[in-house]
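Data block below; observations after.
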Amino acid sequence: AARGAPVVAICGGFQMLARTIDDTIESGRGRVDGLGVFDLDISFSTDKTLRQVSGTGRGERIGGYEIHHGRVVGSREDTWIVDDVAGPEGAVRGAVRGTHWHGLLANDAFRRRLLTEVAAEAGVRGFRVAGDTAVEGIRRRQVDTMADLVAEHLDMDAVMRLIATGPPASAPVIRHHLDPDAGSAQTLSWPND
């Protein structure tokens, strides 16, 4: 960013570019300095943003999702995206762009335009974006491949029994250390079979 090179920052990466980050929720550190690339601050809230989003970016219709505690406060930056519901989103300063939105690069027209802009900013001559790459088709083929592997290598009858009846009472339980019931969780031991 200091050299003027293009940077695209998503969610936590975007938050790190702020002037300050006030996080008493995830890290518990309180207020710390960010990298100061963007003239904005991030404040964490106990309410976590979890939502599908749609809007416009660089003149293109786009969609994605948000999953974060951090909120932008006091931004003095140009925004990168306009959210259909929440309005201005993200920030742009020169060749540095940031947003809380995940999934932006799955928007084919937006991605092509962004890659063309980033290549020009980076001084890449002769760059031509592949016009036939369709992320949704690639994703669908990957999901089909995973589904085929699951069907081929997993005992689906046993999975269906687990779904119908639940795990046996003797099955070990894995709990996160922040789970209030973690103290009562069984010690994990794996059977030899």
### Task
Report the FRET efficiency, 1/(1 + (r/R0)^6), for Ile174 and Ala106, where r is their Cβ-Cβ distance and R0 is 30 Å, rounded to 0.05.
0.40
### With every protein chain in place, the chain: carbon and sulfur % of accessible area (1.4 Å)
54
### Task
Could you work out how far helix 135-153 tilts from the main Cα principal axis of the chain, as a 0 to 90 degree angle to the nearest 10?
10
### Query
When only Cα pairs under 8 Å and 6 or more residues apart are kept, what is the percent relative contact order across the chain?
16
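Classify segment 11-135: rounded, prolate or oblate, from the alpha-carbon gyration tensor (a ≥ b ≥ c, eigenvalue square roots; a/c under 1.5 rounded; otherwise prolate if a/b is larger than b/c)?
Details: a/c = 2.32, a/b = 1.60, b/c = 1.45.
Since a/c reaches 1.5 and a/b is larger than b/c, the shape of segment 11-135 is classed as prolate.
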### Query
What nm distance separates the two modelled labels at Glu152 and Glu136, each placed 7 Å from Cα along Cα→Cβ?
2.8
### Query
When ligands, DNA and RNA are left out and all protein chains stay put, how many square angstrom of accessible area per residue does segment 7-131 have with a 1.4 Å probe?
52
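Which net charge results when you count Lys and Arg as +1 and Asp and Glu as -1 among the other residues whose beta-carbon is under 14 Å from that of Asp39?
Here the charged neighbours net out to -1.
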### Message
Between segment 96-161 and segment 18-67, how far is it from one alpha carbon centroid to the other, in angstrom?
### Response
23
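Less than 11 Å Cβ to Cβ from Val7, Lys/Arg counted +1 and Asp/Glu -1: what total charge do the surrounding residues give?
+2
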### With Cα atoms, 0 to 90° folded angle of helix 156-165 axis to the chain main axis
80
#### Entry: Dipole magnitude of the chain, debye to nearest 20 (Cβ charges: Lys/Arg +1, Asp/Glu -1, about Cα centre)
740
#### Entry: Residue (of Gly12, Gly131, Pro167) at the positive-pole extreme of the chain, dipole from beta-carbon charges
Gly131
### Task
Only Lys, Arg, Asp and Glu count, each charged at its Cβ (+1, +1, -1, -1), so figure out the dipole size of segment 25-74 about its Cα centre, rounded to 20 debye.
140
### Message
Counting only other residues whose beta carbon sits under 10 Å from that of Val53, what net charge do I get with K and R as +1, D and E as -1?
### Response
-3
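The values are calculated or read from the model by the stated rules, or taken from the named source; none is laboratory data. Predicted model, so just to flag it, every value in this text is computed and none were measured. Glycine gets a Cβ as well: all are built from the backbone with ideal geometry, and neighbour counts include every protein chain shown. In case anyone asks, the SASA skips ligands and DNA or RNA and just uses the protein heavy atoms, side chains included. Shrake-Rupley method; radii C 1.70, N 1.55, O 1.52, S 1.80 Å.
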